[in-house]
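**Q** Pasting in a structure now, in structure tokens, and then I'll have a few things to ask.
The values are calculated or read from the model by the stated rules, or taken from the named source; none is laboratory data. Predicted, not measured: the structure shown is a model, and the values here were computed from it. Here the Cβ positions follow ideal geometry from the backbone for every residue, glycine too, while neighbour counts run over all protein chains shown. Ligands, DNA and RNA are stripped out before the accessible areas are found, and what is left, the full protein with its side chains, is counted by its heavy atoms. Shrake-Rupley method; radii C 1.70, N 1.55, O 1.52, S 1.80 Å.
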Amino acid sequence: MREDPFSFDIQGPNYIPSEYDNHIQRKLSSMKGQYLNQVAYNDMLYQDDVLLYQVFELKRQEVEGELLHGISIVHPGKVGDEYFMTKGHYHTVLETAEIYFILNGQGYIVMETPEGDSAVEELTKGKVLYVPPRWAHRSVNIDSEEDLVMFFVYPGNAGHDYGTIETQGFKKLVMEIDGKPEIIDNPRWTSPEGK
Ligand code: PAN
Ligand code: ZN
């Protein structure tokens, strides 16, 4: 890990950073229980464990004061009528924020708090999105062809809590209905606080 100042490039068309330390590939099999249409999920998984998204991270110490950063690339596609998306998470240290800069594609970021507040923001190329402390976040690619590519940066000590979302899901889902993306209430959602 570098201790001196450094720079690197992120260029289209593939937006893979010129330097990175970790390459995470998340496939369909890692999203068990997350998609509403479980029959479609199982059928698709039986055919092929497709790659849904990738993350390229620059390694930094996981301490307060450091900034973890990198690129996430969500590929286009759907499970049933629900678009490819990230697992989504709370930060383990809830009081930590995150910034996304959208480099390519279009989609939504779905967010919610432990108190059950919910927000959905549209993502388009060139947009900056601020996720305040306490908001869980998941990104969704609604384009049929283009990758959704985002630069992210968040505090080194944030950590990831995936378990809450794996258990509860998000309050809102992004589905294709009559050929258009629609934000709907997740019929299986229950509040993390049981409200
Ligand atoms: C992002 C995410 C990235 C992948 O870097 O880690 O988009 O999403 P999941 O971590 O939910 O699989 C971030 O929010 N980091 O905190
Ligand atoms: Zn995060």
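**Q** Set Lys and Arg Cβ to +1 and Asp and Glu Cβ to -1, take the dipole of the chain about its Cα centre, and tell me which of Asn186, Val149, Met1 lies farthest positive.
**A** Farthest towards the positive end: Asn186.
**Q** Return the distance in nm (one decimal) between the two label points of a simple spin-label model at Glu145 and Thr124, each offset 7 Å from Cα along Cα→Cβ.
**A** 1.8
**Q** Report in % the part of the accessible area of the chain that belongs to carbon and sulfur, leaving out ligands and nucleic acids; probe 1.4 Å. Numbers along the way, then the final one.
**A** Details: 4740 of 9880 Å².
Answer for the chain: carbon and sulfur cover 48 percent of the accessible area.
**Q** Also, I was wondering about something else. Mind giving me the FRET efficiency for Leu67 and Asp185? R0 is 45 Å, r the Cβ-Cβ distance, nearest 0.05 is fine.
**A** Numbers: r = 35 Å, r/R0 = 0.78.
Here the calculated transfer efficiency is 0.80.
**Q** OK, next. What's the angle, to the nearest 10 degrees (0 to 90), between helix 38-47's Cα axis and the longest principal axis of the chain?
**A** 60
**Q** Which shape class applies to the range 91-195: rounded if a/c is under 1.5, otherwise prolate when a/b exceeds b/c and oblate if not, where a ≥ b ≥ c are the square roots of the Cα gyration tensor eigenvalues? Don't skip to the answer; put the middle values down first.
**A** Numbers: a/c = 2.28, a/b = 1.13, b/c = 2.02.
Oblate.
**Q** While we're looking at this one, here's another question. Would you work out the relative contact order for the chain, in percent, from Cα pairs under 8 angstrom that are 6 or more residues apart? Mind dumping the intermediate values first?
**A** On the way: 458 pairs, mean separation 43.3, N = 195.
About 22 percent, as a whole number.
**Q** A further question follows. Within 10 Å of each candidate Cβ there may be at most 15 other Cβ atoms; applying that plus a DSSP loop requirement, which chymotrypsin sites (Phe, Trp or Tyr not before Pro) in the range 147-195 survive? Each step should come with its number before you reach the end.
**A** Values: sites: Phe151, Phe152, Tyr162, Phe170, Trp189; in loops: Tyr162, Phe170, Trp189.
The qualifying sites are Tyr162.
**Q** Only Lys, Arg, Asp and Glu count, each charged at its Cβ (+1, +1, -1, -1), so figure out the dipole size of the range 1-141 about its Cα centre, rounded to 20 debye. Could you put the intermediate results ahead of the total?
**A** Details: 12 positive and 21 negative charges, 73 e Å.
In debye, rounded to 20, the range 1-141 gives about 360.
**Q** To continue, here is another question. Would you count, across the chain, every pair of lysines whose alpha carbons are under 14 angstrom apart, provided the pair is eight or more residues apart or spans two chains?
**A** On the way: Lys27/Lys78; Lys27/Lys87; Lys32/Lys87; Lys78/Lys180; Lys87/Lys171; Lys87/Lys172; Lys171/Lys195.
The result is 7.
**Q** May I pose another question? State the answer as a single residue: which of Asn104, Thr92, Tyr15 lies farthest towards the positive end of the charge dipole of the chain, with beta carbon charges of +1 for Lys and Arg and -1 for Asp and Glu, about the Cα centre.
**A** Farthest towards the positive end: Thr92.
**Q** Also, quick follow-up: Using helices alone, I'd like the mean residue ellipticity at 222 nm for the chain: each DSSP H run of four-plus residues gives -39500 (n - 2.57), total over residue count, nearest 500. Before the final figure, lay out the partial values.
**A** Values: 2 runs with 16 residues, N = 195.
Theoretical 222 nm ellipticity from helices: -2000 deg cm²/dmol.
**Q** On to the next question. Measure off 7 Å from each Cα along the Cα-to-Cβ vector at Thr164 and Thr92, then give the distance between these two points in nanometres to one decimal.
**A** Rounded to a tenth, the inter-label distance reads 1.4 nm.
**Q** First measure r as the distance between the Cβ atoms of His23 and Leu45, then evaluate 1/(1 + (r/R0)^6) with R0 = 30 Å and state the FRET efficiency to the nearest 0.05. It would help to have the intermediate numbers written out before the result.
**A** Numbers: r = 22 Å, r/R0 = 0.74.
With a Förster radius of 30 Å, E is 0.85.
**Q** Taking the chain as a Gaussian network, where each spring joins two C-alpha atoms under 10 Å apart, which residue of Asn141, Asn104, Asn14 fluctuates the most?
**A** Comparing Asn141, Asn104, Asn14 in the GNM, the peak value goes to Asn14.
**Q** Using the Cα centre of the range 22-185 as origin and beta-carbon charges of +1 (Lys, Arg) and -1 (Asp, Glu), tell me which of Ser29, Ser118, Val39 is placed farthest towards the positive end of the dipole.
**A** The residue sitting most towards the positive pole is Ser29.
**Q** Going from most exposed to least, what order do Ile165, Ile183 have by accessible area with a 1.4 Å probe? Intermediate results must be reported in sequence, preceding the final value.
**A** Details: Ile165 5, Ile183 75 Å².
My answer, sorted largest first, is Ile183, Ile165.
**Q** How much of the calculated P(r) for the chain lies past 25 Å, in percent of all Cα pairs?
**A** 34
**Q** Any chance you could look up the accessible area of Arg2 with a 1.4 Å probe, heavy atoms only, rounded to 10 Å²?
**A** 90
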